[in-house]
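Notes follow the structure.
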Number of protein chains: 2
Amino acid sequence: MMVLEQLDKINRQLRSSNYKLTPQREATVRVLLEYEQEHLSAEDVYMLVKDKYPDIGLATVYRTLELLAELHIVEKMNFGDGVARFDLRSEEHTHMHHHLICTVCGALKEIKDDWLLELENRLQQEYGFKVTDHRLDFMGTYHTCKSSECKRASKAIS
Amino acid sequence: MMVLEQLDKINRQLRSSNYKLTPQREATVRVLLEYEQEHLSAEDVYMLVKDKYPDIGLATVYRTLELLAELHIVEKMNFGDGVARFDLRSEEHTHMHHHLICTVCGALKEIKDDWLLELENRLQQEYGFKVTDHRLDFMGTYHTCKSSECKRASKAIS
DNA sequence: TTTAATGCAAAGTGTTTGCAGGGCC
DNA sequence: GGCCCTGCAAACACTTTGCATTAAA
């Protein structure tokens, strides 16, 4: 889907809840679209938006991300490093939030597969629990990742 | 396993890394043992320890929990509500950190099953990634949990 | 003109750190 | 005596909030 289509769709989602796609919000959404593959923190988003819209305030970015999360346009997630990270929720992402987190180099890779449908059916039947979302993270190490050669900043989460 | 046995075991784990089981640390561990089924925040632990050991400082509790987490005696986890939560890691818990999180009432239930061994083998073969741990959370709702009748504080995480 | 949205600065929250004092090999 | 551990308070990092101003319908 093209950027303009996506912007338009998000615009409609906002309007249908009586919110406006202000220039600040649009700039924020554009950054999220541009960095769709990353898991940006609010600070990251702020810095990137500032390039295009230097007068934006940090609070506005936080408020925008919060709003988008409420409307399920972005997903707010948390990798335990004390900062929230934000991802556009494209349809294909739903039910595919699977991460491999390397404990040596901190690399974070997304796996796009839906492994858990069967399990979710079981939960519905055995526990009476209807799953609307899930998250699945694996911690471990890559075979190629010897601690000696692979010491990049472990904050390099993408 | 009895409390004293467990304390003794933890004592040995500490000593083997040159740490002491001080009275403050013992009081903290006792609280963790007593509330093994819960997912206590540092603040929770602090309040509970204070009952038995009123002079303890919050920083000591944080330091103790951090230390125990480093030694893998407790597990530090994060449910996205901005507070770290701590759990004693009994052997049976390893690889069984599966949670059902109800988005209506906030109830958090632990499921003790190991569903992912097969998946982890696949990750090792297909991705060259050796899994040492994982976490799996399901968000959704219980059939019995109508939003009308079930509105307890959503911070009631246990 | 009425309401929503913004920027800034201040406040808030959970957590960590510096440091002087205390206890234990 | 040296070293680890503690309590306290201050510092910290991330996030939220109050408020006066601005932009939009």
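Which value in nm describes the separation of the simple spin-label points at B:His143 and B:Val3, placed 7 Å from the Cα toward the beta carbon?
Spacing of the two 7 Å Cα→Cβ label points: 4.1 nm.
Given label points at 7 Å from Cα along Cα→Cβ, what nm distances, shortest first, separate A:Glu118 from the same residue in every other copy?
Reported distances to equivalent positions: 0.3 nm.
Compute the accessible area per residue over the range B:1-92, keeping the other protein chains in place, probe 1.4 Å, unit Å².
Numbers: 5220 Å² over 92 residues.
Value returned for the range B:1-92: 57 Å² of accessible area per residue.
Report the one residue of A:Val45, A:Ser90, A:Ile56 whose Cα lies farthest in the direction of the positive end of the charge dipole of the range A:1-92 (charges on C-beta: Lys and Arg +1, Asp and Glu -1; origin at the Cα centre).
The Cα lying farthest towards the positive end belongs to A:Ile56.
What is the dipole size for the range A:1-92, taken about its Cα centre, with +1 at each Lys and Arg Cβ and -1 at each Asp and Glu Cβ, in debye to the nearest 20?
Details: 12 positive and 17 negative charges, 95 e Å.
In debye, rounded to 20, the range A:1-92 gives about 460.
Assign one of three labels to the range B:1-92, namely rounded, prolate or oblate, based on the Cα gyration tensor with a ≥ b ≥ c the square roots of its eigenvalues; rounded applies when a/c is under 1.5, prolate when it is not and a/b is larger than b/c, and oblate otherwise.
Working: a/c = 1.43, a/b = 1.17, b/c = 1.22.
Rounded, since a/c falls under 1.5.
Leaving out ligands, DNA and RNA, calculate the buried accessible area for the pair B and A with a 1.4 Å probe, summed over both sides, in Å² to the nearest 100.
Numbers: alone 10040 and 10030 Å², together 17220 Å².
In total, chains B and A hide about 2900 Å² from solvent.
Put the label 7 Å from Cα along Cα→Cβ for B:Glu34; what are its distances to the other copies, in nanometres, shortest first?
List, nearest first: 5.5 nm.
Between the range B:37-64 and the range B:1-33, what is the separation of their alpha carbon centroids in Å?
About 15 Å separates the Cα centre of the range B:37-64 from the one of the range B:1-33.
How far is B:Thr132 from itself in the other copies, in nm, if each label sits 7 Å out from Cα along the Cα-Cβ line, shortest first?
3.6
The values are calculated or read from the model by the stated rules, or taken from the named source; none is laboratory data. Please read these numbers as outputs of a predicted model, since none were measured by experiment. Quick reminder, even Gly has a Cβ in these numbers, built from the backbone with ideal geometry, and neighbours come from all protein chains shown. With ligands, DNA and RNA removed, areas are computed over all heavy atoms of the protein, side chains included. Shrake-Rupley method; radii C 1.70, N 1.55, O 1.52, S 1.80 Å.
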